[in-house]
Structure formats: structure tokens, C-alpha cells
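The block underneath contains the structure these notes are about, expressed in C-alpha cells.
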Amino acid sequence: MTTTLNVAKFGGTSVANYETMCSCAKIIANNPNTRVVVVSAAAGVTNHLVALANTPLTSVQIDDIVQKITDIELAIVNRLKHPEDVQEKLTVKLEELKALATNEEINFRDDLKDALLSMGERMSSLLFSAVLREFEVPAINFDVRKVLRTNSTFTNASPEVSTIKQLSHSLLLPELSHSVMVTQGFVGADDQGRTTTLGRGGSDFTAALLAEAIEAETCEIWTDVIGVYTTDPRITDKAKPLPELSFEEAAEMATFGAKVLHPATMEPALRQNIKVFVGSSREPEKGGTWIVRDCEHEPSYRAITRRKDQVMVTVKTPKMMYAQGFLQRVFTIIAKHQLSVDLVTTSEISVSFTLDNPPNTVSEKMNKETLAELTTICDVSVEQGFDLVTVVGNNMHSAAGVSSKIFAAISDFNLRMICFGANPHNLSFVVSNQDSEDVVKVLHNALFE
Ligand code: ADP
Ligand code: ASP
Ligand code: MG
């Protein structure tokens, strides 16, 4: 058996249908080191599942969505050379999905929601392992819940790293000498065996966690772009793919909105020094980005990211004048609700900070509870409609002229809050959501074109 292990993760568009699955299968067949394969749900399926989980629907609407999911899965099965190998298992899963979707408590119980949300990955991994066997890869569909232990924070669970390692060593690693294990991203289980999920986009995180657990040398994230770009290529066609990135830069980019990587993906990579590759499953020959501990170059500006849906909260109390302990009380409430604050500014009687607030997410729900609690100690005002733009780079706080070049480029725009200096790798600011696309384009032009 090979000693240099690779974990390969394929995102939703990569396992969207039979053809795209075949491109992924070739990538796996070409690399004998790839022994663990992590897949997302086929494109669109998780969005359908989220709609079933979170929206009160009529039975006709439920049937309609379940049918859409069924069509996506059947379109793949019907192309298999031996559909009978997986047909029965798929039928059982579709029935499980339907039972959860029609459960009267589905909109109110997060444990049921997670059981439902997991179905996309559980079906795609079943089908993709069958496609791989057509390519002579000895693939086995492996239930990730046997090893990916999390806490019980349903819909946004945190992994228990040392347990994952132990379980992977006893249940996953021994299989790799003879099989390629195809497993589910995004899904986990708590210590009572109840299904959990890691939050949207969590399959990248799963791949990195499993790579860490089996001490893999590399982790490949195969997606729909040929690497990590200087900015989201959907914002500007001038964005360029980056040949290399450091762990720190990639972590900053992911945290501040580069959707190509789940924000937590770099944590396991950093702990275990695992090289992470990002490339396109449709065009693997085009290469991609290598994310490593030490890069050859450390430019002042590496990339620009945007994170949408920020809310700006200003808390104010006349009592704050000369008062001690007010900030502590505010941040204790924020910490209690497990929110992370990105930008903070303070003045004599007020403090402003931003919260990430994507609609219909855990953070939106927690923000509401937090704001309610804050109003018990101070005046709270909430403003919406902002995006956070971040320039990621190196030694930004100490090199001369780094910030002035950025501010000169965007002097025509109104910046609401700025955060600079706390970290050598970023400069962030808040702009209105109507301006943010232009801000990124203008900045990209000034820094990279
Ligand atoms: P997957 O389904 O494979 O996980 P995602 O849609 O989650 O794929 O992530 C890939 C997308 O991330 C790209 O299509 C691109 O629009 C977006 N993206 C955002 N920022 C960047 C960036 N800096 N570089 C590359 N892609 C980015
Ligand atoms: N399928 C999940 C989602 O769409 C996880 C993932 O694709 O990473 O969020
Ligand atoms: Mg993703």
C-alpha cells in the first residue's frame, strides 16, 4: 500500500450528473495515492433539502421538490452500466428522504433537519462509488458517520478532532490498502449516533478533517474553477488563478468570503501541514492552486474577497462615559451566542461592530437572539445592506504605502468601517451592498491588472 495518501473532494457541480462524475472518476483512477474520496450532494440537491427543512410547505409542494431531487438521482442511476447494483439502496434512501420531508416536526426540530440535509451526500456517494467501479477503481461507499464525530449543534456542528482520528484509524485506515473509500462530505454524527451537518459548504472541511485523521500528505479540492483566483471570477473576468498560496492567506480568504473553500478548511491542514490543491474537475489538465505552509513569494496583495450580508450593530449607552466593564458585558453576550465579530470601532459612548448575517442561516437566528439580549443593557441600532470587502496579503501592517494604495483606489466610495493592523494578512472594510461589486472591480484593477 502507498504511504503517501491523498484525500480528494468533489463538489456539487463535479458530481452533478453522470458525465461530470466520469471526469471525476478519471482523476481518481489516474492517482493511485487517492484512497479517500469525499463528495458533496449533486448540484442543487442541498438547496432543495434546505427548502424542505426550513419552509412550511403544502404536501403538493413537498411532493414537487422530492420529485426534483428524485429526477436528479435517477438521471445518474439510469446511465450506469449496472443500475441494479445500487437501485435498491437508492430507493431506500429516497423513501427515508420522503419520510423526513413529510414529518410534521421537520420545520421545528434541528435533529430532523440534519437527517434530511444529509440525504444529498448519502445518495451522491452511493452513486459515485458505482461510477468509480465502472472505471475499475475498487470503490466502496463508506458511511462517514462512523468516524466523523461532532458535537450536537445540529445544522452547524463542530468536529471532535481527536475522536475522528481514533475512529478513522480503526475503521477507515485499514480499508485503504485494498479499497478506495467514497464517503460523504458535510455530514457527521454526535456521540449518540444522531446525524449532524457542518454548515453549508462543509464538504471541504470534511475532506481536510479526514486528511488530518489519516495523516494524508495532500488534500485535493476539485471544483468548477481552475484554482483560487485573485478574486471571485464571477465578479470580474479579469480575475487570475493563483499558482500558490500560504495556509494563512487561504484561511483569510476563506474566512472573508472566498466561497471556493469552506472557512474552516485550512485549520486541519495547518495543524498537520497537509498541502491543499484546488483545481477544476472539468479541466484537470489546467493545473490549479497549491496551498502550502511556505510560499516562494509573499506579495503585499494576494487577493480580494467579498462577504455579503453583513449587519452593522451600534450599541450605545450614556452610562458608558467613564464607565468600565461595558465592553466586557457587550462581548460576553456576543460570546455566549457563539458569534464572531469581524470589525469593531469604539467611541466615547458607543461601539459599532459587524455580524455575518446570511439569510436563513444559523447566524441570522443567533443574531436575533443576541440583539434581543443586548437591548436589556443598552440602546441597540441595527443597519443592514452592507458587504465586507477584504484585501488579503502579507506584512500589510508593516510595509509602507500598502493601505494608501488601497484607499486611493477607492476614494470615490463611502467606507463605513475599516479594520487594519490587527493582522498582517488583511485589510477589511464595510461598504454598501450596492457599491461592493464596483469596489472589488476598481481595487482589482489597481492592485492586480
Ligand atoms: P463546490 O460546489 O465545488 O464546493 P463552490 O461553489 O462552493 O464549489 O465554490 C466554487 C466557487 O467559488 C466558484 O465557482 C467561484 O465563483 C467561487 N469563488 C469565490 N471566490 C473565489 C476565488 N477567490 N477563487 C475562486 N473561486 C472563487
Ligand atoms: N452539500 C452541502 C452544501 O451544498 C455541502 C457542500 O457542498 O460542501 O452546502
Ligand atoms: Mg463549496
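The values are calculated or read from the model by the stated rules, or taken from the named source; none is laboratory data. Note that the structure is predicted; figures quoted are calculated from it, not measured. Because the Cβ atoms are built from the backbone with ideal geometry, glycine has one as well, and the counts that use them run over all protein chains shown.
Descriptive notes on the structure:
- Test: residue in region 282-304 that is farther than 17 Å from MET396 by Cβ and within 16 Å of ligand 2 (Cβ to nearest atom): no
- Cβ-Cβ under 7 Å pairs, at least 6 apart or on other chains, region 186-203 side more than 15 Å from ASP143 (Cα to Cα), far side within 16 Å of ligand 1 (Cβ to nearest atom): LEU198/PHE186; LEU198/PHE205; LEU198/THR206; GLY201/LYS259; GLY201/HIS262; GLY202/GLY185; GLY202/PHE186; GLY202/HIS262
Quick grid of which residues meet (1) away from ligand 3 (no atom under 15 Å from the Cβ); (2) under 21 Å from the mean Cα position of the chain (by Cα); (3) within 17 Å of VAL131 (Cα to Cα):
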position: LEU5; (1), (2), (3): yes, no, no
position: THR13; (1), (2), (3): no, yes, yes
position: VAL36; (1), (2), (3): yes, yes, yes
position: HIS48; (1), (2), (3): yes, yes, no
position: VAL60; (1), (2), (3): yes, no, no
position: THR70; (1), (2), (3): yes, no, no
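- When region 1-19 is filtered for residues that are hydroxyl-bearing (Ser, Thr, Tyr) and either within 14 Å of ligand 2 (Cβ to nearest atom) or surrounded by 22 or more Cβ atoms within 10 Å (Cβ to Cβ) (or both), the ones remaining, listed by number, are THR13, SER14.
- Filter result (β-branched (Val, Ile, Thr) and closer than 17 Å to PHE448 by Cβ) within region 273-304: THR289, ILE304
- If the condition is being over 20 Å from the mean Cα position of the chain (by Cα) and buried (at least 18 other Cβ atoms within 10 Å of the Cβ), then region 372-400 contributes LEU374, CYS378, VAL380, PHE386, GLY393, ASN394, MET396.
- Which listed residue is within 16 Å of ligand 2 (Cβ to nearest atom), crowded, with 22+ Cβ neighbours inside 10 Å and in a loop (DSSP other than H, G, I, E, B), from PRO263, PRO268: PRO263
- When region 157-203 is filtered for residues that are more than 26 Å from ALA130 (Cα to Cα) and within 16 Å of ligand 3 (Cβ to nearest atom), only GLY199 remains.
- Meeting the requirement of 2 or more residues that are under 17 Å from LEU371 (Cβ atoms), the strands (runs of 3 or more DSSP E) wholly within region 284-347 are 303-316, 341-346.
- Among the numbered conditions (1) within 16 Å of ligand 3 (Cβ to nearest atom); (2) surrounded by fewer than 17 Cβ atoms within 10 Å (Cβ to Cβ), the only one that THR206 does not meet is (2).
- Unmet criterion (only one of (1) out of contact with any strand residue (DSSP E or B) (no Cβ under 7 Å at 6 or more places or on another chain); (2) within 16 Å of ligand 1 (Cβ to nearest atom); (3) part of a helix (DSSP H, G or I)) for GLY199: (3)
- Which listed residue, of ALA25, ALA42, is within 16 Å of ligand 2 (Cβ to nearest atom), surrounded by 17 or more Cβ atoms within 10 Å (Cβ to Cβ) and under 20 Å from GLN184 (Cα atoms): ALA42
- Set side by side, the residues SER403, SER363 differ, and just one is surrounded by 14 or more Cβ atoms within 10 Å (Cβ to Cβ), in a helix (DSSP H, G or I) and modelled with pLDDT under 85, which is SER363.
- Residues in region 138-161 that are surrounded by fewer than 20 Cβ atoms within 10 Å (Cβ to Cβ) and over 25 Å from the mean Cα position of the chain (by Cα) were compared, and the one that is nearest to ASN31 (Cα to Cα) is PRO138.
- Exactly one residue out of ASP71, ASP85 is among the acidic types (Asp, Glu), more than 21 Å from ALA115 (Cβ to Cβ) and either touching a strand residue (DSSP E or B) at 6+ places or on another chain (Cβ under 9 Å) or modelled with pLDDT under 95 (or both), and it is ASP85.
- Among the residues of this structure, LYS9 counts as one that is in contact with a Phe, Trp or Tyr (Cβ under 8 Å, 6 or more places away or on another chain), at pLDDT 95 or above and not in a loop (DSSP other than H, G, I, E, B).
- Whenever a residue of region 42-64 is within 24 Å of ASP224 (Cα to Cα), its partners that are surrounded by fewer than 21 Cβ atoms within 10 Å (Cβ to Cβ) and polar (S, T, N, Q), lying with C-beta atoms within less than 7 angstrom and at least six residues away or across chains, give the pairs ALA43/THR13.
- For region 228-260, filtering for residues that are more than 24 Å from PRO159 (Cα to Cα), part of a loop (DSSP other than H, G, I, E, B) and of a type in the set (A, V, I, L, M, F, W, C) leaves 4.
- Among (1) away from ligand 3 (no atom under 16 Å from the Cβ); (2) in a loop (DSSP other than H, G, I, E, B); (3) out of contact with any helix residue (DSSP H, G or I) (no Cβ under 8 Å at 6 or more places or on another chain); (4) not hydroxyl-bearing (Ser, Thr, Tyr), the one test that VAL225 misses: (1)
- Within region 312-327, the set of residues being modelled with pLDDT of 85 or more and either within 16 Å of ASP356 (Cα to Cα) or exposed (fewer than 12 other Cβ atoms within 10 Å of the Cβ) (or both) comprises MET312, VAL313, THR314.
- Restricting attention to region 119-171 and to residues that are of a type in the set (S, T, N, Q) and in a loop (DSSP other than H, G, I, E, B), the residue that is farthest from ALA99 (Cα to Cα) turns out to be SER158.
- Flag if ILE62 is over 18 Å from PHE142 (Cβ atoms), in a helix (DSSP H, G or I) and either among the β-branched types (Val, Ile, Thr) or modelled with pLDDT of 95 or more (or both): yes
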